[in-house]
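The values are calculated or read from the model by the stated rules, or taken from the named source; none is laboratory data. Only a predicted model underlies this, so the values are computations on that prediction, with no experimental measurement involved. Here the Cβ positions follow ideal geometry from the backbone for every residue, glycine too, while neighbour counts run over all protein chains shown.
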Amino acid sequence: MKKRILIMIVVLSAVLSQKQIIAQENINYKFDDRSIANLVLGIESGNYGLQKSCIYLAGKYKLNNLVDELIRTIKVTDNSDLKILTALALHEIGDLRGKKALINFFKNEDDERVKRVYVKVCKEWKGWNEAAVIQLKN
């Protein structure tokens with residue numbers, strides 16, 4: 001009897017948590033100017049964890065107003081993990097400015113790991129010319 005109750009509780013909690021996850025995915029987020037300004041401050045901060053979180057959020061919510069800040073971040077940072085995360089955020093946003101910036105950064109990048117990510121990100125963009133990616137590698 002105790003096993004049945006325990007199994008029912010586990011199944012019920014699993015079903016309820018599934019409904020919460022589905023409900024969270026359907027929310028349309030609106031960011032006001034203060035929220036964007038806070039994300040910019042977070043990206044510019046020296047706090048690595050805060051920078052990562054703000055860059056991730058910019059990509060997740062496709063915040064076009066942060067493209068210039070993300071491009072600036074790739075220019076000024078020496079941290080390869082931040083460069084990769086920023087490239088992925090630019091990919092998620094899908095803005096043309098980000099695409100052009102990644103092409104330019106690829107040519108000057110020394111870290112092979114970062115270069116590989118830049119190439120993979122460029123290949124993922126719709127309408128991307130495969131010949132351009134091959135040209136980048138040479």
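Here are the numbers:
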{"item": "Failed condition for Y61, given (1) within 30 Å of D32 (Cβ to Cβ); (2) aromatic (F, W, Y); (3) modelled with pLDDT under 90", "result": "(3)"}
{"item": "Selected residue [part of a helix (DSSP H, G or I), surrounded by 13 or more Cβ atoms within 10 Å (Cβ to Cβ), among the hydrophobic types (A, V, I, L, M, F, W, C) and at pLDDT below 95] from V67, V119", "result": "V119"}
{"item": "Unmet criterion (only one of (1) farther than 17 Å from L39 by Cβ; (2) at pLDDT 85 or above) for L85", "result": "(1)"}
{"item": "Some residue of region 100-107 being of a type in the set (D, E, K, R), in contact with a Phe, Trp or Tyr (Cβ under 8 Å, 6 or more places away or on another chain) and in a helix (DSSP H, G or I)", "result": "no"}
{"item": "Residue identified as farther than 15 Å from L41 by Cα and either of a type in the set (K, R) or not in a helix (DSSP H, G or I) (or both) among R72, R97", "result": "R97"}
{"item": "Subset of region 51-109 (residues that are in contact (Cβ under 8 Å) with a residue 24 or more places away in the chain and of a type in the set (K, R))", "result": "K52, K60, K62, K75, K83, R97, K99, K107"}
{"item": "Residues that are surrounded by 20 or more Cβ atoms within 10 Å (Cβ to Cβ) and over 10 Å from the mean Cα position of the chain (by Cα), drawn from region 83-94", "result": "K83"}
